[in-house]
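Notes follow once the structure below has been shown.
The values are calculated or read from the model by the stated rules, or taken from the named source; none is laboratory data. Bear in mind that the values here come from a model prediction, so they are computed numbers and not experimental data. We place every Cβ from the backbone using ideal geometry, glycine too, and count neighbours over all the protein chains shown. Side chains are part of the model used for accessible areas, which takes the heavy atoms of the whole protein and leaves out ligands, DNA and RNA. Shrake-Rupley method; radii C 1.70, N 1.55, O 1.52, S 1.80 Å.
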Amino acid sequence: AYLELAREAMVTRDRALDAFAGGDPADVLLVDAGEGLEFAVIGARPGWRMLIESVHGWLTLRNRVPIGYVLSATMFRSTEVAYNVFDNWRGGEAGWVYGRVLATCRALFGSDTFTVYPYQLGHGNAEGLASGAWWFYQKLGFRPRDPETVARMEAELRAMKRDPTHRSSRAVLKRLARENVYYSVGKPRKAVIGEIPLERIGLAVTDGLARRFGSDREQGERVCADEVGALLGVPDWWQLPSGERKAWLRWAPLIAVLPGVGSWPREDLDRLAEVVCAKGAPSELDYVTLLDGHRRLRRALLRLAGVR
């Protein structure tokens, strides 16, 4: 019922979200955030999931009425958050609701770092620029990490201090919105979503398959799945439940190019098999915990992405 409500709330506003389109009605968690505020956190079916990140679509409800939606992508105790409030409910409580969103991410995923990507801030998004979205997040404590953007922010803050009526021009907002902004609970970390170039991991997987199998990706996935099954002690991987089997086929080419994976201790290989199966489980919540807890896997993925 909540999944259908989410889809109806989007289509009547001429919006779409893959996390709702591919949502799993058996993976819906209702979070009571207090004072009539609830989040229906919806997981995707295995075939719709991202390779490494865990993505959820949220329907935001106030007194059971849909007032907006959220898209979260989580990995390594960090979450990228896309926050949207439907037009009729935009106003003074937007900051309070957003605070409940971050608190829920921390409770569900253990996140200590949060980021907002450029589109949400106004990059290529006229609505975001018109609403001054960049300053909404800045006032909540989010900060850019790009040195040029930090310098531009500080210049704007000095201008506001000199003249309280000063407002950033549209041109300045466009420049500010080009880079992610971040909020950290505790000491800031580098290896977080938004800072990790995940496209490099995808390129490494594609290059690995192309070198061995040319354009026949399906054959490459099957061969890698057999090889990885032998390595991880799951030779009968094809007998896994449907979701886990899909995850195995997708993860096998990635595992095949992980630096040094063939020499990992047996315990780490067993835990890697658990990570892959959890990716295809009915819910990704266990996957988030297992991925974060596998230090050797995390180091290998970061190395593949070129992050030191």
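When the chain is treated as a GNM with alpha-carbon contacts under 10 Å, the residue of G57, G99, G280 showing the greatest mean-square fluctuation is G99.
Modelled label positions at E127 and A16, each set 7 Å beyond Cα in the direction of Cβ, lie 1.5 nm from each other.
Using the Kirkwood radius over Cα pairs, work out the Stokes-Einstein diffusion coefficient for segment 179-253 at 20 °C and 1.002 mPa s, in µm²/s as a whole number. Stokes-Einstein gives a translational diffusion coefficient of 146 µm²/s.
Projected onto its three principal axes, the C-alpha set of segment 1-160 covers 51, 35, 30 Å, listed from the longest axis down.
With each label modelled as a point 7 angstrom along the Cα→C-beta vector, the K187-A155 pair spans 3.3 nm.
Remind me, what semi-axes does segment 72-172 give for its equivalent ellipsoid, largest first in whole Å, using sqrt of 5 times each Cα gyration tensor eigenvalue?
Values: eigenvalues 123, 58, 34 Å².
Result for segment 72-172: semi-axes of 25, 17, 13 Å.
When every Cα-Cα distance of segment 182-305 is counted in 5 angstrom steps from zero, the calculated P(r) takes the values 2, 11, 19, 22, 23, 13, 6, 3, 2, 0 percent.
Comparing Cα centroids, segment 180-211 and segment 1-56 end up 24 angstrom apart. The mean accessible area for residues of the chain, using a 1.4 Å probe and ignoring ligands and nucleic acids, is 49 Å² per residue. P(r) for segment 1-54, from all Cα pairs and a bin width of 10 Å, is 24, 47, 27, 2 %, short bins first. Note that segment 43-130 carries a Kirkwood radius of 14.0 Å, evaluated over its alpha carbons pair by pair.
Which residue fluctuates the most in the chain, going by a Gaussian network model with Cα springs under 10 Å, if the choices are V288, V261, V28? Judging by the Gaussian network model, the answer is V261. Taken over segment 127-263, the percentage of Cα pairs per 10 Å bin, counting from 0 up to the bin with the maximum distance, is 10, 27, 18, 15, 18, 9, 2. Taking the accessible area of the chain, probe 1.4 Å, and keeping the other protein chains in place, the carbon and sulfur fraction comes to 51%.
Would you calculate a helix-derived [θ] at 222 nm for the chain, using -39,500 (n - 2.57) for each DSSP H run of n ≥ 4 and dividing by the full residue count, to the nearest 500?
Working: 14 runs with 150 residues, N = 308.
Counting only the DSSP helices, I get -14500 deg cm²/dmol.
Accessible area per residue was computed with a 1.4 Å probe on protein heavy atoms; L209 scores about 10 Å². With the gyration tensor restricted to C-alpha atoms of the chain, the semi-axes of the equivalent ellipsoid amount to 37, 24, 17 Å, longest first.
Can you figure out the FRET efficiency of K139 with R266, using R₀ = 35 Å and their beta-carbon distance, to the nearest 0.05?
0.10
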